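Data first, discussion second: the structure below is written as structure tokens.
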Amino acid sequence: MSLPRSGVYTGHAWWENRQATGDYYQTTLDRPADDTFEDDLTEAWNNPPVTERYVLDLAYSRASEPSDDEP
């Protein structure tokens with residue numbers, strides 16, 4: 001992820017549907033393997049019934065402090 005400028009950012013992160021997506025994938029993996037398992041698994045991964053959504057809400061706070069390595 002690219003930020004508009006270097007520095008210190010503060011903010012919050014949250015997500016939706018993480019548990020539902022994890023449960024769906026686990027159920028898919030728990031199915032008995034047969035000749036079509038690989039195709040079914042690919043289909044399940046490409047078309048989940050729910051979509052995870054991750055959000056980063058960041059705001060620039062201040063410039064970075066110089067490190068000991070910088071002149």
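The values are calculated or read from the model by the stated rules, or taken from the named source; none is laboratory data. None of these values were measured; they are calculated from a predicted model. Backbone-built Cβ (ideal geometry, glycine too); neighbour counts: all protein chains shown. Heads up: the accessible areas ignore ligands, DNA and RNA and are worked out on the full protein's heavy atoms, side chains in. Shrake-Rupley method; radii C 1.70, N 1.55, O 1.52, S 1.80 Å.
Here are a few things to note about the model shown:
- Residue match in the range 19-37 (condition: open to solvent by less than 60 Å² (accessible area, probe 1.4 Å), assigned to a strand (DSSP E or B) and modelled with pLDDT of 85 or more): no
- Restricting the range 38-71 to residues that are open to solvent by 80 Å² or more (accessible area, probe 1.4 Å) and of a type in the set (S, T, Y), the residue that is modelled with the highest pLDDT: Y54
- Some residue of the range 15-35 being in contact (Cβ under 8 Å) with a residue 40 or more places away in the chain and within 24 Å of V55 (Cβ to Cβ): yes
- Output for the range 4-18, where each listed residue is at negative phi, part of a loop (DSSP other than H, G, I, E, B) and open to solvent by less than 80 Å² (accessible area, probe 1.4 Å): none
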